[in-house]
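Written out below as structure tokens is the structure these notes cover.
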Amino acid sequence: MKSKSQDKPYLKFIAYLQIIGIIFVVLGHSFHEHPDGLFGHTTLVYRMMSSFRMPLFLFVSGFLMVFTMQMRGERALTPGAFFNNKAKRLLIPFVVLSAVTYLPRASLSVMADDVIEISFWRFVRSFVFTEDLVIGYFWFIQANFLLLVVCYALLYWGIRNRLLSRYLYGGLVLIFVGLQFLPLPHIEFWSIWAVLHFGIYFVLGACYCGYSSVLDRYLPWDSISFFVLSVVVWGYCFFLMENTGFAPLCSLAGIMMCISFAKVLEVRGFDFLDHLIGTNYMIFLLSWYANVLCQQVTRHFVELPWWVYSIMSLVAGVYVPVLCYKLLQKHHGHKVARSAAFLLGQSFKAHAR
């Protein structure tokens, strides 16, 4: 068990990873007006950051799940209590935001990329099936919730039955590595497709947390040379493995690159990202609205180069949610701000406290 003095750097290191990840997510959603007709998905920048941004989020989530379990020790939540906790923190904001956005989104379909019909069954499906989500990237909430509750239950059961940790983690890794070699169906229900395809990164994040004290002795994460090397390896893997069956290796190289960058920031005292600590999940939940206003809506009134829309979308997508979070804290008091943040979904940093 780590001491508090040791825990604090871990949380800041993870906070930097969360910020790095969410900035890339918002940037990816800011290519909507690119003239390729595919929202910029064909651009080199988009493809390169997409090789690791969502795997990075799942890696961090798996890390924090184990970190929280280790912090609580014998007082670790039961699987039932953990389920309730994650349902409140993840599913409540998912349901609330999806519900309040459905009618405006359907009514303004003329400004969107697809038409959403207004019907009771279409409304119900928007909470269940990936293809019908009102806010498309909320698939991550569904997949992350499933991975959290299932993996936590397995680890909790194994620990309580005194199974060796290496067997628990090893078993999870083997299961999800094996899934990468199977012809997996694209199951839209509750984003199961994402669980099957991306669960390996969640599990590896859990493993890294469990064995970080050993791994960190051999990997000089905070070395500039190691960071440069990791960038080179990731770039090499990207160009060599993109659109191949070995693409997960590129994603892992990208995650290692981000870990090294986060460690360099932490150890060397670069604090330019500190003002965003704790706001990443608020950005995730609210950035869609800023992205839509700066791109799909604005282009109907003002004709601008596509990259201008992208810059506005990136800045607004990050800082409008941050402003909302700060205003809640400043004008409604700490207790009320925490309650509002709870309803919108608190950051993973808050989960690890």
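What the table shows:
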| quantity | calculated |
| --- | --- |
| Residue ID - farthest from the chain's Cα centre (by Cα), chosen from residues in region 27-79 that are basic (Lys, Arg) and modelled with pLDDT under 90 | Arg75 |
| Region 14-73, subset of a type in the set (Ser, Thr, Tyr), assigned to a loop (DSSP other than H, G, I, E, B) and open to solvent by 10 Å² or more (accessible area, probe 1.4 Å), residue nearest to Phe138 (Cα to Cα) | Ser51 |
| Scan of region 250-272 for residues that are surrounded by fewer than 16 Cβ atoms within 10 Å (Cβ to Cβ) and of a type outside the set (D, E, K, R), ordered by number | Val267, Gly269, Phe270, Phe272 |
| Of all residues in region 225-249 being at pLDDT below 95 and of a type in the set (A, V, I, L, M), the one that is surrounded by the fewest Cβ atoms within 10 Å (Cβ to Cβ) | Leu240 |
| Residues (open to solvent by less than 50 Å² (accessible area, probe 1.4 Å) and either over 20 Å from Pro93 (Cβ atoms) or without any contact (Cβ under 8 Å) to a residue 60 or more places away in the chain (or both)) located in region 125-140 | Ser126, Phe127, Asp132, Leu133, Val134, Gly136, Phe138, Trp139 |
| Elements of type helices (runs of 4 or more DSSP H) contained in region 91-198, each with 1 or more residues being over 30 Å from Ser287 (Cβ atoms) | 139-160, 165-179 |
| Residue match in region 240-261 (condition: touching a residue at least 24 places away in the same chain (Cβ under 8 Å) and acidic (Asp, Glu)) | yes |
| Options Leu304, Leu285: the member that is of a type in the set (A, V, I, L, M), open to solvent by 50 Å² or more (accessible area, probe 1.4 Å) and closer than 18 Å to Ser30 by Cβ | Leu304 |
| Complete set of residues in region 146-174 that are under 30 Å from Tyr289 (Cβ atoms) and open to solvent by less than 10 Å² (accessible area, probe 1.4 Å) | Leu147, Leu148 |
| Residues that are surrounded by 14 or more Cβ atoms within 10 Å (Cβ to Cβ) and closer than 30 Å to Pro79 by Cβ, drawn from region 96-124 | Val96, Leu97, Ser98 |
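Every residue, every condition in (1) modelled with pLDDT of 90 or more; (2) surrounded by 18 or more Cβ atoms within 10 Å (Cβ to Cβ), yes or no:
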| position | (1), (2) |
| --- | --- |
| Ile311 | yes, no |
| Val318 | yes, yes |
| Val336 | no, no |
| Ala340 | no, no |
| Ser347 | no, yes |
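The values are calculated or read from the model by the stated rules, or taken from the named source; none is laboratory data. All values derive from a computational prediction rather than experimental measurement. When we count neighbours, we look across all protein chains shown, and the Cβ atoms used for this are built from the backbone with ideal geometry, even at glycine. With ligands, DNA and RNA removed, areas are computed over all heavy atoms of the protein, side chains included. Shrake-Rupley method; radii C 1.70, N 1.55, O 1.52, S 1.80 Å.
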